[in-house]
Amino acid sequence: MRKLAAGNWKMNGTSAELGEARALLTAHPTPGCDMLLCPPATLIGGMVQIAERSALMIGGQDCHAAQNGAHTGDISALMLKDAGASHVIVGHSERRADHGESSALVRAKAITALTAGLVAIVCVGETEAQRNAGETLAVIAMQLEGSLPLAHDNPESLVIAYEPVWAIGTGRTPTLAEVAEVHRFIRDTLIRRFGDPARQMRLLYGGSVKPGNAADIFAVPNVDGALVGGASLKASDFGAIVAALGHH
Ligand code: PEP
């Protein structure tokens, strides 16, 4: 399984920052892992041009559950695909929290994304209160149950990102044993649900992945890559994470 380093720029970046994508490609023209950047929608077109015929793939950060229609300000999976994106993140905890997105809505978005020919990166993760209450695995189980398509047999097109909410943007991470426990649990849950193809589905860890902790996290069983926020904004930091993943 080829690992995946995915960067989520969130609501950061104007055309001036496209140089970071250029610098990333200059430093890592043939990375040892798949390399994806998800910039804000305004930069997708420009970044797709930079990434043409290169190892860099471009994705969206969200899509609407409908193919098109009267949804002012939203973007559809079809539009992302048309702009040159290959992936889309759905169910990020910031969308779940800021926009009240339910798992049922995340599932609808994932299905629309897959139908449009995009790889769907579905995010799950517990809050700090849920972890402290010993509810982590129950929360993950519920989010997986509600957010994933009912059936899916193409391991290439469905990626799960485990992102503890309390680890996002905080500089705090779970212990390696805690990451291992949740990733094992997600793998087992996917296998029960989808059968053997789930052995090949990529499970990303996300939450304060930095150049300094990437190698340790990538050595954890069932960690097939990372979803990186803050450290994906700078080519040097993201490049170091790409290099660490390429060695696994
Ligand atoms: C994220 O939001 O997906 C994320 C992992 O952010 P950060 O790397 O900044 O914690």
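The values are calculated or read from the model by the stated rules, or taken from the named source; none is laboratory data. Owing to the predicted nature of the structure, the values given are computational and were not obtained by experimental measurement. Cβ atoms come from the backbone with ideal geometry, glycine included; neighbour counts cover every protein chain shown. Each accessible area value is taken on the protein alone, full model and side chains, heavy atoms only, with ligands, DNA and RNA left out. Shrake-Rupley method; radii C 1.70, N 1.55, O 1.52, S 1.80 Å.
Computed in the context of the full set of protein chains, the accessible area of the stretch 4-246 at 1.4 Å probe radius has 54% of its extent on carbon or sulfur. Under a 10 Å cutoff between Cα atoms, tell me which one of Ala177, Ala133, Ala161 has the largest fluctuation in the Gaussian network model of the chain. Taking springs between Cα atoms under 10 Å, the residue moving most is Ala133.
Relative to its residue count, the stretch 77-129 spans a Cα convex hull of 75 Å³ per residue. Using the 1.4 Å probe convention, the accessible area of the stretch 4-246 works out to 41 Å² per residue with neighbouring protein chains retained. Rounded to the nearest 20, the size of the Cβ-charge dipole of the chain about its Cα centre is 300 debye, with Lys and Arg at +1 and Asp and Glu at -1. In terms of the mean number of neighbouring beta-carbon atoms within 10 Å, the peptides 34-40, 104-110, 194-200 order highest first as 34-40, 104-110, 194-200. Relative to its Kirkwood radius, the Cα radius of gyration of the stretch 156-234 gives an Rg/Rh of 0.98. Rolling a 1.4 Å probe over the protein heavy atoms leaves Val48 with an accessible area of roughly 40 Å². Each of Glu128 and Lys210 was given a label point 7 Å from its Cα along the Cα-to-Cβ line. The distance between the two points is 1.7 nm.
Given the convex hull over the Cα atoms of the stretch 53-97, what projected area results after averaging over all orientations, in nm²?
Values: hull surface 15.3 nm².
In nm², the orientation-averaged hull projection of the stretch 53-97 is 3.8.
When ranked by the protection proxy of mean other Cβ atoms within 10 Å per residue, highest first, what sequence do the peptides 67-80, 1-14, 112-125 form? Before the final figure, lay out each step's value.
Details: 67-80: 14.6, 1-14: 19.3, 112-125: 23.0.
Most protected by this proxy first, the peptides run 112-125, 1-14, 67-80.
Report, please, the projected area of the stretch 4-246 averaged over directions, based on the convex hull of its C-alpha atoms, in nm².
Details: hull surface 47.6 nm².
Dividing the Cα hull surface by four gives the mean projection, 11.9 nm².
Take the alpha carbon atoms of the stretch 52-76, find their center, do the same for the stretch 135-180, and report the distance between the two centers in whole angstrom. Each part reduced to its Cα centre gives a spacing of 22 Å.
Ala104 to Met11: FRET efficiency via 1/(1 + (r/R0)^6), r the Cβ-Cβ distance, R0 22 Å, to the nearest 0.05?
On the way: r = 25 Å, r/R0 = 1.14.
Efficiency at R0 = 22 Å is approximately 0.30.
Here is how the number arises for the chain: DSSP H runs of 4 or more residues each give -39500 (n - 2.57), the sum is divided by the residue count, and the result at 222 nm is -12500 deg cm²/dmol.
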